1. Counting only residues that are basic (K, R) and closer than 20 Å to I71 by Cα, how many does segment 1-41 have?
2. Given (1) over 15 Å from K7 (Cα atoms); (2) modelled with pLDDT of 90 or more; (3) over 12 Å from the mean Cα position of the chain (by Cα), identify the lone condition not met by E64.
3. Tell me which residues, restricted to segment 30-43, are out of contact with any helix residue (DSSP H, G or I) (no Cβ under 6 Å at 6 or more places or on another chain), open to solvent by 70 Å² or more (accessible area, probe 1.4 Å) and either under 21 Å from A82 (Cα atoms) or of a type in the set (D, E, K, R) (or both).
4. Scan segment 2-9 and give yes if some residue there is open to solvent by 60 Å² or more (accessible area, probe 1.4 Å) and under 13 Å from A79 (Cβ atoms), otherwise no.
5. Among the candidates A49, A45, A9, A25, single out the residue that is in contact (Cβ under 8 Å) with a residue 60 or more places away in the chain and of a type in the set (G, A, S).
6. Go over the candidates K67, K17 one by one and state the one that is among the basic types (K, R) and exposed (fewer than 12 other Cβ atoms within 10 Å of the Cβ).
7. Which number in (1) more than 11 Å from the chain's Cα centre (by Cα); (2) without any contact (Cβ under 8 Å) to a residue 24 or more places away in the chain marks the one condition that A82 misses?
Amino acid sequence: MSYDQVKQASQTIIGIKQAVKAMRAGQVTALFVAIDADNWVTDPAILLAKEIGVPVYHVNSKKELGKACGIHVGAAVVAITAM
């Protein structure tokens with residue numbers, strides 16, 4: 001998985017709180033996590049994703065992940081939804 005899949009996704013959720021909320025609602029099909037983000041920020045989302053069976057993909061850069069979502073700031077976590 002790469003930044004291209006995030007760019008091509010029809011619906012993305014940016015940020016840890018919203019991604020966790022969407023995972024709990026059963027809306028997430030994949031989770032992208034920047035490896036340069038702090039672990040204390042990303043670990044809760046990664047653990048929940050593994051617990052409920054959502055695939056987790058690691059990418060190199062928060063800045064590039066944010067750029068792939070069309071925002072001008074970094075994103076530590078991005079979820080792709082089925083909707």
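The values are calculated or read from the model by the stated rules, or taken from the named source; none is laboratory data. From a predicted model like this one, the values you see are computed outputs, not experimental measurements. Counting neighbours? That spans all protein chains shown, and the Cβs are built from the backbone with ideal geometry, glycine included. Protein only, heavy atoms only, side chains kept; ligands, DNA and RNA dropped before computing areas. Shrake-Rupley method; radii C 1.70, N 1.55, O 1.52, S 1.80 Å.
1. 2
2. (1)
3. Result: D38, single match.
4. For segment 2-9, residues open to solvent by 60 Å² or more (accessible area, probe 1.4 Å) and under 13 Å from A79 (Cβ atoms): present.
5. Residue meeting the stated conditions: A9.
6. K17
7. (2)
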